[in-house]
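Right, one structure below, let's go through it.
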């Protein structure tokens, strides 16, 4: 498969298995749900009657007082007691193995190409880490909001990352950091030629 290189008459040969895969909606949905669950802190917790401090002694004897029998003042019916069905922290992520995850990323990348939301450039070349320079550079590709994917071998990756810090609609990431949420939520995805090769090496 070939994809056009933006602002040139050239084409780039890419792997069909990565950029021309069929769209699997159920797998993509499962990957997005897994990513959302993974990013959740899972720290919600309440104390049950065993976790509340105190209440070790029986408040009064079993019989003869005329009052209802109780074994602990930390019972859920007591003020200051534990919660009856206390919420406990825990991860409830759907199961998603490595093969399924990579398949979902291939499916999303292929769909982005079909929707004309993925662009490929030779490289991003800016000589200073300035917001205006990067903004003007992206304007040449008619882009205002995008996800920039740069390889470790791209010369200007550190400069581009600093220049994009003040652009709220421009995100910069490495190929191995691509996730289903960031790909699905991006209006445009801009890849360099070296990042394309790194993605192919990762997903094939």
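The numbers here are math on the coordinates, done by the rules we state, and not lab data. No experiment lies behind these values; they were computed from the predicted model shown. Every residue, glycine as well, gets a Cβ built from its backbone with ideal geometry; the counts of neighbours run over all protein chains shown.
Dividing the summed -39500 (n - 2.57) terms of all DSSP H runs of n ≥ 4 by the residue count of the chain sets its mean residue ellipticity at 222 nm at -9500 deg cm²/dmol. When DSSP beta bridges are restricted to pairs lying wholly in the chain, around 20% turn out antiparallel. Calculated on C-alpha atoms, the gyration radius of region 144-183 divided by its Kirkwood radius gives an Rg/Rh of 0.95. Note on residue 1 and residue 132: their simple-model spin labels are 4.0 nm apart, each label 7 Å out from Cα toward Cβ.
Averaging the Cα positions of each part gives two centres, and for region 125-204 and region 1-73 these lie 29 Å apart. Relative contact order of the chain, taken over Cα pairs closer than 8 Å and 6 or more residues apart, is 24 percent.
With r defined as the distance between the Cβ atoms of residue 165 and residue 84 and R0 fixed at 41 Å, what FRET efficiency is calculated, to the nearest 0.05?
Details: r = 49 Å, r/R0 = 1.19.
That pair, residue 165 with residue 84, gives E of 0.25.
Label separation (residue 16 vs residue 61): 8.9 nm, computed from points 7 Å beyond Cα along the C-beta direction. Sorting the segments 106-114, 159-167, 190-198 by their residues' average number of neighbouring beta-carbon atoms within 10 angstrom, most packed first, yields 190-198, 106-114, 159-167. Note on residue 158 and residue 45: with the Förster distance fixed at 41 Å, the Cβ-Cβ geometry gives a FRET efficiency of about 0.50. As a calculated quantity, the FRET efficiency between residue 92 and residue 187 at R0 = 35 Å, using C-beta atoms, amounts to about 0.65.
The convex hull built on the alpha-carbon positions of region 1-85 has an orientation-averaged projected area of 11.6 nm².
Among 59-66, 95-102, the peptide with the highest mean count of other Cβ atoms within 10 Å heads the list, and the full ranking is 95-102, 59-66. Relative to its Kirkwood radius, the Cα radius of gyration of region 70-156 gives an Rg/Rh of 1.39.
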